[in-house]
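The values are calculated or read from the model by the stated rules, or taken from the named source; none is laboratory data. Note that the structure is a prediction, hence the values are computed from the model and not measured. Neighbour counts are summed over all protein chains in view; Cβ atoms, including those assigned to glycine, are modelled from backbone coordinates with ideal geometry. For the accessible areas, the whole protein counts, side chains as well, though only heavy atoms, and no ligand, DNA or RNA atoms are used. Shrake-Rupley method; radii C 1.70, N 1.55, O 1.52, S 1.80 Å.
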Amino acid sequence: MHRKEDARFLRGHGTYVDDVTLPGMLHGAVLRSPYAHAKIVSIDTSAAEAHPKVRAVITGETLAGLNLAWMPTLSGDVQAVLATDKVRFQGQEVAFVVAEDRYSARDALELIDVDYEALEPVVDARKALDEDAPVIRDDLEGRTDNHIFDWETGDAARTDEVFANAEVVTTQDMLYPRVHPAPLETCGSVADMDPITGKLTIWTTTQAPHAHRTLYALVAGLPEHKIRVISPDIGGGFGNKVGIYPGYVCSVVGSIVTGKPVKWIEDRSENLMSTSFARDYHMHGEIASTKDGKILAIRVKVLADHGAFNGTAQPTKYPAGFFGVFTGSYDIEAAHASVTGVYTNKAPGGVAYACSFRITEAVYLVERLVDVLAYDLDMDPAQLRMKNLLKPDQFPYQSKTGWEYDSGDYPRTLRMALDLAHYDELRMEQAKRRDAGELMGIGVAFFTEAVGAGPRKHMDILGLGMADGAELRVHPTGKAVLRLSVQSQGQGHETTFAQIVAEELGISPDDIDVVHGDTDQTPFGLGTYGSRSTPVSGAATAVVARKVRERAKIVASAMLEVSPDDLEWEKGRWFVKGDPAAGKSIQDIAMAAHSSLELPEGVEGQLDATCVYNPPNLTYPFGAYVCVVDVDAETGQVKVRDFVAVDDCGVRINPMIVEGQVHGGLADGVGMALMQVMAFDEDGNHLGGSFMDYLLPTSMECPSWRLGETVTPSPHHPIGAKGVGESATVGSPAAVVNAVLDALKPYGVRHADMPLTPAAVWSAAQGRPFRT
Ligand code: MCN
Ligand code: CUM
């Protein structure tokens with residue numbers, strides 16, 4: 001089925017935040033810090049205030065008077081809305097100007113005079129814990145260092161024991177660099193505080209409207225029913241739109257102060273410099289095995305750069321997200337990881353970008369380690385994986401770090417990917433090319449994700465349990481409206497969620513409207529990230545549709561004057577067992593449910609139902625990827641020649657949309673592996689503030705993806721579906737990097753960090769003799 005939303009998106013009729021225009025609306029602009037670390041000595045706003053079109057200039061001092069200078073982050077830290085004491089990263093918000101138009105607001109920024117006293121910045125996370133490192137968070141009481149947290153998982157003693165007795169131990173340091181989700185639409189908001197009703201409406205780029213509303217209520221002290229958060233069409237989120245940014249809060253304050261609606265839309269540089277980055281994990285990995293390649297244990301130490309405020313979005317109990325799944329898809333005896341988080345003078349964030357809560361980092365780590373082990377053992381990396389993959393009869397599988405993988409048939413999926421890629425032929429071709437001095441590489445990666453957070457007894461964000469609501473109303477004529485707590489940023493929810501209801505009730509998807517992204521119109525829930533919409537809200541949708549079906553059964557029994565026990569369901573109608581002609585369609589039943597038909601005692605009319613779904617477990621999608629590259633030895637340029645991706649996300653609701661999700665994620669992977677990085681100079685200046693420097697992949701860098709699929713339903717999900725929105729971003733970087741390093745094998749290069757730009761590839765090969 002084609003996407004219902006395409007009718008408006010492809011014709012340019014979407015409504016994004018920047019399309020919202022209200023009578024009398026004013027425009028805001030943010031003044032940002034040019035320093036990575038500096039004391040604010042004074043701020044003079046008088047010239048800006050004198051600008052004829054300026055209506056208000058807000059500083060940290062203004063906000064402090066309202067008790068709004070600091071706001072809570074999603075990780076229980078606090079973050080400056082507008083700096084009061086010092087600035088802690090380049091691009092940090094210092095002042096907010098509200099003017100009659102966007103140009104005047106921007107012009108007035110230049111009239112604000114800020115006197116800074118530069119401080120030494122902490123740029124390299126590896127130096128953040130040095131004795132003499134400047135303390136970034138001196139706002140926090142009793143703070144004498146830049147340490148945020150230590151977290152560990154697995155069994156350290158048992159892991160050490162396995163390592164001590166292992167025949168082979170291989171270690172590798174690797175960096176998963178800082179990258180940015182960079183959605184096409186930047187972040188923004190339009191805040192409208194109605195001075196008469198006292199109701200605040202905020203149109204904003206958010207993946208989690210209900211969670212945002214609750215946070216605004218807690219921060220601003222406004223009652224929740226006086227806040228309406230509307231997330232209209234979103235032009236890509238990729239995790240960038242999970243958190244609350246200072247600009248959103250400033251637009252609200254701007255509206256309160258001026259009594260007018262205030263729009264704030266960031267530009268590209270602001271988006272890249274100040275909003276949620278992703279990754280930035282310095283990882284030390286060790287893998288133990290037997291001489292013939294049976295993997296025994298994995299041991300990991302991570303240093304996590306969280307920037308100046310700990311704004312990472314993840315369930316409370318998991319400061320390193322779901323990195324705990326770093327044992328990957330393999331049957332091993334023991335595992336242990338420790339993660340240390342530190343502050344640096346960089347923008348906060350830390351989870352965004354199709355990561356499934358740090359599973360991207362975990363998968364990259366284990367898939368690189370397996371390849372490094374294959375290199376050391378001189379084994380074929382695909383065979384090494386095949387030898388160690390979990391077997392179908394091991395599911396449900398209890399991992400060594402406490403996760404329960406719900407279902408899987410890994411060997412079948414890897415075999416399919418290898419067959420589709422013609423793996424054996426590729427290896428023969430590679431041997432021939434090597435003899436001719438050419439660099440060709442074949443990279444394999446296998447991943448398991450844990451998505452659909454999550455069971456309420458284990459998971460919450462800022463104390464809010466991770467369940468989601470769904471509400472289904474069936475109108476008298478048999479058309480329906482489904483109301484959801486999750487929000488689509490391009491994933492096609494209006495189509496796929498209508499399809500779930502259609503499948504359960506036999507109503508055409510065209511007759512089912514999906515409403516989301518408006519807290520006044522939808523039930524509470526924690527929103528869209530970590531590919532949780534299908535695992536959680538998709539389940540809620542199936543359950544609520546089944547409730548409607550059960551209500552319809554009772555109405556049908558009254559209509560047909562038989563006992564409900566004598567009725568049987570076939571898609572779209574209830575009929576009398578043994579008499580298929582005697583039946584009632586769901587549309588007839590809907591009309592009857594609203595009519596004067598006499599219903600059994602205690603049965604209400606209408607068919608509407610609601611549900612709150614608390615998932616019993618996460619879902620564990622998985623996949624096998626094969627990437628083929630050609631590398632130009634003289635320039636270091638990498639060309640991705642072929643890419644085969646076999647994904648298993650359980651039952652597919654809309655195969656076309658699933659493939660689209662996979663295509664997008666594969667492009668992300670090529671981008672991260674070969675070109676994307678947020679770099680900083682030694683003063684903490686951000687070097688990737690535009691798309692001239694921060695490179696996104698285009699169709700030119702991407703091959704024509706070749707996809708395959710296997711279907712292993714989730715046993716605990718009502719329709720057997722697992723999430724897929726981030727699978728390819730999680731699984732593909734390792735495949736690309738493994739391919740490039742496989743190409744460089746004749747030079748004896750074992751590892752090189754992303755992004756593998758031509759310069760990086762060329763340097764890695766320099767000075768090393770080529771050996772076939
Ligand atoms: N789907 C399906 N069958 C399945 C699983 C999913 O048909 N077995 C469909 C779903 O119904 C949905 C889509 O595939 O329409 C993605 O579903 P799901 O895996 O549940 O992920 P979410 O809807 O929760 O989307 C979030 C996920 C995340 S966290 C990021 S980041 C990301 C991603 O989706 N951001 C995206 N994909 C994106 N795609 C677009 N176009 N834009 C983004 O910002
Ligand atoms: Cu981690 S990016 Mo998505 O989960 O919104």
* Only residues that are within 16 Å of ligand 2 (Cβ to nearest atom), touching a Lys or Arg at 6+ places or on another chain (Cβ under 8 Å) and in a helix (DSSP H, G or I): list them for the range 515-569, please. => Thr534, Pro535
* Asked: Before we move on, is Arg473 assigned to a strand (DSSP E or B), away from ligand 2 (no atom under 16 Å from the Cβ) and of a type in the set (Lys, Arg)?
  -> yes
* Selection within the range 311-337 - within 25 Å of Met678 (Cβ to Cβ) and away from ligand 2 (no atom under 16 Å from the Cβ) -> Phe326, Ala337
* Asked: Quick check, is Asp647 assigned by TED's automatic domain parsing to the domain that holds Pro315 and either open to solvent by less than 10 Å² (accessible area, probe 1.4 Å) or in a helix (DSSP H, G or I) (or both)?
  -> yes
* **Extreme residue, surrounded by the fewest Cβ atoms within 10 Å (Cβ to Cβ), among residues of the range 212-228 that are closer than 16 Å to Pro246 by Cα and of a type in the set (A, V, I, L, M, F, W, C)** => Leu218
* Asked: Given the structure, is Val749 assigned to a loop (DSSP other than H, G, I, E, B) and either more than 30 Å from Ala436 (Cα to Cα) or over 23 Å from the mean Cα position of the chain (by Cα) (or both)?
  -> yes
* **Subset of the range 263-280 [in contact with an Asp or Glu (Cβ under 8 Å, 6 or more places away or on another chain) and either more than 22 Å from Leu526 (Cβ to Cβ) or without any contact (Cβ under 8 Å) to a residue 40 or more places away in the chain (or both)]** => Lys263, Ile265, Ser274, Arg279, Asp280
* Unmet requirement for Val486, which otherwise passes all of (1) in contact with a Ser or Thr (Cβ under 8 Å, 6 or more places away or on another chain); (2) without any contact (Cβ under 8 Å) to a residue 40 or more places away in the chain; (3) outside any helix (DSSP H, G or I) -> (2)
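Listed here are the residues, each with its yes/no results for (1) away from ligand 2 (no atom under 16 Å from the Cβ); (2) more than 30 Å from His336 (Cα to Cα); (3) in a loop (DSSP other than H, G, I, E, B).
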residue: Arg178; (1), (2), (3): no, no, no
residue: Leu184; (1), (2), (3): no, yes, yes
residue: Asp233; (1), (2), (3): yes, yes, yes
residue: Tyr248; (1), (2), (3): yes, yes, no
residue: Ser251; (1), (2), (3): yes, yes, no
residue: Lys260; (1), (2), (3): yes, yes, yes
residue: His282; (1), (2), (3): yes, no, no
* **Flag for Gly708 being of a type outside the set (A, V, I, L, M, F, W, C), assigned by TED's automatic domain parsing to the domain that holds Asp305 and either under 21 Å from the mean Cα position of the chain (by Cα) or within 19 Å of Val730 (Cα to Cα) (or both)** => yes
* Structure fact -> Of the residues in the range 70-100 that are of a type in the set (Ser, Thr, Tyr) and surrounded by fewer than 24 Cβ atoms within 10 Å (Cβ to Cβ), the one that is nearest to Asn271 (Cα to Cα) is Thr73
* Is there a residue in the range 69-82 that is on the phi > 0 side of the Ramachandran plot, in contact (Cβ under 8 Å) with a residue 40 or more places away in the chain and not basic (Lys, Arg)? -> yes
* Lys400 is checked against (1) charged (D, E, K, R); (2) over 30 Å from Ala208 (Cα atoms); (3) not in a loop (DSSP other than H, G, I, E, B) and fails just one. What number does that condition carry? -> (3)
* Consider Asp668 against the criteria (1) within 30 Å of Gly538 (Cβ to Cβ); (2) open to solvent by 10 Å² or more (accessible area, probe 1.4 Å); (3) charged (D, E, K, R); (4) more than 16 Å from ligand 2 (Cβ to nearest atom): it satisfies all of them except one. Which criterion is unmet? -> (4)
* For Phe446, which of the numbered conditions (1) in contact (Cβ under 8 Å) with a residue 60 or more places away in the chain; (2) more than 22 Å from the chain's Cα centre (by Cα); (3) part of a strand (DSSP E or B) fails to hold? -> (2)
* Asked: When the range 308-338 is examined, which residues are found to be away from ligand 1 (no atom under 16 Å from the Cβ), surrounded by fewer than 24 Cβ atoms within 10 Å (Cβ to Cβ) and within 15 Å of Ile148 (Cα to Cα)?
  -> Thr316, Lys317, Pro319, Ser338
* Structure fact -> Picking from His716, His751, His686, the residue that is open to solvent by 10 Å² or more (accessible area, probe 1.4 Å), of a type outside the set (Ser, Thr, Tyr) and out of contact with any helix residue (DSSP H, G or I) (no Cβ under 7 Å at 6 or more places or on another chain) would be His716
* Positions within the range 488-501 being open to solvent by less than 10 Å² (accessible area, probe 1.4 Å) and more than 16 Å from ligand 2 (Cβ to nearest atom), in sequence order -> Thr495, Phe497, Ala498, Ile500, Val501
* Asked: Does the range 264-279 contain at least one residue that is part of a strand (DSSP E or B) and more than 16 Å from ligand 1 (Cβ to nearest atom)?
  -> yes
* Asked: Is it fair to say Ala156 is over 26 Å from Gly684 (Cα atoms) and hydrophobic (A, V, I, L, M, F, W, C)?
  -> yes
* Structure fact -> Selection from the range 528-586 of residues polar (S, T, N, Q) and within 16 Å of ligand 1 (Cβ to nearest atom) yields Thr528, Ser531, Ser533, Thr534, Ser537, Thr541
* To do: Answer yes or no: is there a residue in the range 216-229 that is within 16 Å of ligand 1 (Cβ to nearest atom) and farther than 22 Å from Gly60 by Cβ.
  => no
* Give the number of residues within the range 713-730 that are assigned to a loop (DSSP other than H, G, I, E, B) and either modelled with pLDDT under 95 or over 25 Å from Gly671 (Cβ atoms) (or both). => 8
* To do: Would you check which residues across the range 702-713 are within 23 Å of Pro755 (Cβ to Cβ) and open to solvent by 70 Å² or more (accessible area, probe 1.4 Å) and list them?
  => Ser704
* Asked: Within the range 194-204, is even one residue among the aliphatic types (A, V, I, L, M), in a strand (DSSP E or B) and either within 16 Å of ligand 2 (Cβ to nearest atom) or at negative phi (or both)?
  -> yes
* Does the range 759-766 include one or more residues that are of a type in the set (Ser, Thr, Tyr) and either in a loop (DSSP other than H, G, I, E, B) or open to solvent by less than 20 Å² (accessible area, probe 1.4 Å) (or both)? -> no
* **the range 179-205, residues that are touching an Asp or Glu at 6+ places or on another chain (Cβ under 7 Å) and open to solvent by 10 Å² or more (accessible area, probe 1.4 Å)** => Thr186, Thr201
* State yes or no: is Ala673 surrounded by fewer than 17 Cβ atoms within 10 Å (Cβ to Cβ), out of contact with any strand residue (DSSP E or B) (no Cβ under 7 Å at 6 or more places or on another chain) and within 30 Å of Asn345 (Cβ to Cβ)? => no
